[in-house]
1. From (1) more than 21 Å from B:P335 (Cα to Cα); (2) assigned to a helix (DSSP H, G or I); (3) touching a Ser or Thr at 6+ places or on another chain (Cβ under 7 Å); (4) open to solvent by less than 10 Å² (accessible area, probe 1.4 Å), pick out the condition that doesn't hold for B:E134.
2. For region B:267-300: of the residues being in a loop (DSSP other than H, G, I, E, B) and among the β-branched types (V, I, T), which is nearest to B:S376 (Cα to Cα)?
3. In region B:171-252, which strands (runs of 3 or more DSSP E) lie fully inside it and hold 1 or more residues that are among the charged types (D, E, K, R) and within 21 Å of the chain's Cα centre (by Cα)?
4. Can you list the helices (runs of 4 or more DSSP H) found entirely within region B:13-105 that contain at least 2 residues being out of contact with any His (no Cβ under 6 Å at 6 or more places or on another chain), closer than 21 Å to B:F168 by Cβ and open to solvent by less than 10 Å² (accessible area, probe 1.4 Å)?
5. Does B:R327 count as open to solvent by 10 Å² or more (accessible area, probe 1.4 Å) and assigned to a loop (DSSP other than H, G, I, E, B)?
6. Based on this model, can you work out whether A:H127 counts as within 29 Å of B:C415 (Cα to Cα) and at pLDDT 85 or above?
7. B:D205 passes all but one of (1) over 19 Å from B:R279 (Cα atoms); (2) within 14 Å of chain A (Cβ to nearest Cβ); which number fails?
8. Cβ contacts < 7 Å: first residue among the polar types (S, T, N, Q), restricted to region B:53-82; second residue open to solvent by 10 Å² or more (accessible area, probe 1.4 Å) and modelled with pLDDT under 90, any location; separation 6+ or different chain. Result?
Amino acid sequence: MPAHQHRAASSQQSLGSAKGAASAATLLVGLGSPHADDAVGWCVAGAVAAALERHTNLPQRRALTVRQARVPLELLHWCGGASRLVIVDACVPLATDATGSQPLPGTYQAWRWPALPACRLRPATSHDLGLAETLALGSTLGVLPEEITVWGVWIAPERVLPPPGGGNTVTQAPSPNMARVTEAALSGGARFDPAAATRSWASVTATIDGMACAATATGCADADRLRAKLACQLSPPLRAALSALVADVMRDLFEQAAWVGHSPGAPADLPSPDLPS
Amino acid sequence: MTDRRVIEVPALTRVEGEGGLKVVLHDGQVDDVQLNIYEPPRLFEALLRGRPLDDVPDITARICGICPVAYQMSSVHALEAALGLRMTPELRSLRRLLYCGEWIESHALHIHLLHAPDFLGYESGLAMAADHPEAVARGLALRKLGNRLLEALGGRAVHPVSVAVGGFYGLPRADVVQALVADFAQGLELACDAARWVASFSFPDFDRSYEMVALVHPDEYAMNEGELRSTAGLACPVTEFEQRFEEYQVPHSTALQARRRETGTCYLVGPLARVALSRERLAPRARALADELLPEPATNVFRGIVARAVEVVHAFEEALELLRHYRPVWPPRVPWQPREGTGCAATEAPRGTLYHRYRVSADGTVAEARIVPPTSQNQAQIEDDLRAWLPRVLPAGEQRAALDCERLVRSYDPCISCAAHFLRVTWESV
């Protein structure tokens, strides 16, 4: 067995044992968080998943796994069986280029890995690997699909976190009692009003994020509504671009020759994305 | 004329957070060693004042993305002490289970991606993966299992949201938890493999005489509670922490350092200290591996990676036992009423003893908070180790010595983000 095949087999033996490994031909991952424009990857993934959910007769949906990831390392546990990986992530320009210009927030572009934009694209931190490092690690371990596309959506540096007044800083007072709100979310959807909660949670976005995840884990039906509310935090340029971005990502997904059981169709055939209003 | 030279490592790599190292040499002799922690102060203790006390576990969890459970555990135990609450045995066990998830994910990451490259001669985990893919994949798989346990019990892997003063806000169904058992049984075998792998590394001869400090519990390998003990004979309740240990400021660090109050000496907390003080309380396979791979006395800080791997085995064994017998507890919380009081607690974070103290007001808000993280406590010991280590590594040249110093610092698995703490500002009028 060639060395790279042996490496892939041994690595997949460990990584592939994780529950939730995708068996679909294509894996779409929205990378980010619920915070400000960093949420754009999650929004796109959520919109694609919702669109496919509403079109249950589409053969393509059987071959697609859609996930939202907070940290890039998660990808390596999900790639088993996938022949294609599509990632959507927010990216922050490193600096102005030689002409003094920067990509405008809301503009986006697709790169075929190993090409990646020169930007802060889910940068490495002391706590985790960045996207570029994770993909390099996955490649070394032989666990990545052959084809990887990264959709990078340019955001302004100051929009990585929500602005003052709508942010996740816990220094702002007065604030609601996070514990009570968390308890309400965990106890079930009936007592949980995301609209009212969002108004009162301006200073505790981080907890909202936690509630969304906890609500999912505990089967709270309002998790999707909560995420839709969070998508509303996107800045105007991102919100304006979201519809076209989702359509482009779906076109990219659907027109792939590698798509299982599907002939490439015209964009008009695609289901329309379900975007938060 | 004297020769004064400075070796600087401006940014330590493969540690949590941002810090540097400065070594001053005078005529070739080590004159000064400074572990520079220059992350901005976090001011968590100040911003907790006036907040509802049941916000505290959610807020303090943000101190660290690697060990948020530790902050949640120390904070709820301290607040429950202030409120006079007693946990039921069932809730206490579930908190241990949650802590197991954090030990596994934190230790697995450090062992495989941050620390092992030092012993195998690679500059990063990524570089190491090319030649040791099985080991790196195993580390990622172990970390993932820890995260899955956190997700199941805590709602999500980073900054779990289920921990409440008095217990939990919600608990998962039994079938969700039972689904983890088979994978954790496999994880235990992977963890044993990892322990043997790290024990096969070549370690520098660097045994030192440490005062090692950790919680010790009579019936279990201490995580959530116990008595403060040290290898130098200290034995006291956690309520005496501030009488026995003191924090102090040094100019070169935004993190306070700590020393033993009676002797003024530094001390060591973390996995090596826990194994030294509670070896006989390790779960059976972890105990057997500890005796085989880390014989007493284990006083070489470079072997901390073996202690860490033994603790991963222990965490899997303990988690498996708890997972197999898991039943959702109802109600998931012990009811409580606000009252004025002061309470403290220490738990064992992956990196060592984490102490919290809170004074709460009758209206249920925090009046005063005190947090002493493990990396703060280890800082002075790290600098002391470096002073002893430098004369051995300097002959190889300053560039090589700087790398060797980084290796020693990484042996402590320091979490600089947790430690960045306080900055004294001096105003000068002209």
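1. Failing condition for B:E134: (4).
2. By that ranking, first place goes to B:V269.
3. B:227-230, B:245-248
4. Values: elements: B:44-48, B:56-61, B:68-83.
By residue number, B:56-61, B:68-83.
5. Numbers: open to solvent by 10 Å² or more (accessible area, probe 1.4 Å): yes; assigned to a loop (DSSP other than H, G, I, E, B): yes.
It is true that B:R327 is open to solvent by 10 Å² or more (accessible area, probe 1.4 Å) and assigned to a loop (DSSP other than H, G, I, E, B).
6. Spelling it out, it is not the case that A:H127 is within 29 Å of B:C415 (Cα to Cα) and at pLDDT 85 or above.
7. Unmet for B:D205, out of (1) over 19 Å from B:R279 (Cα atoms); (2) within 14 Å of chain A (Cβ to nearest Cβ): (2).
8. B:T60/B:F44
The values are calculated or read from the model by the stated rules, or taken from the named source; none is laboratory data. On a predicted model such as this, the values are computed, not experimentally measured, just so you know. Cβ coordinates were reconstructed from backbone atoms using ideal geometry, including for glycine residues, and neighbour counts include every protein chain displayed. The accessibility values were calculated without ligands, DNA or RNA, using every heavy atom of the protein model including side chains. Shrake-Rupley method; radii C 1.70, N 1.55, O 1.52, S 1.80 Å.
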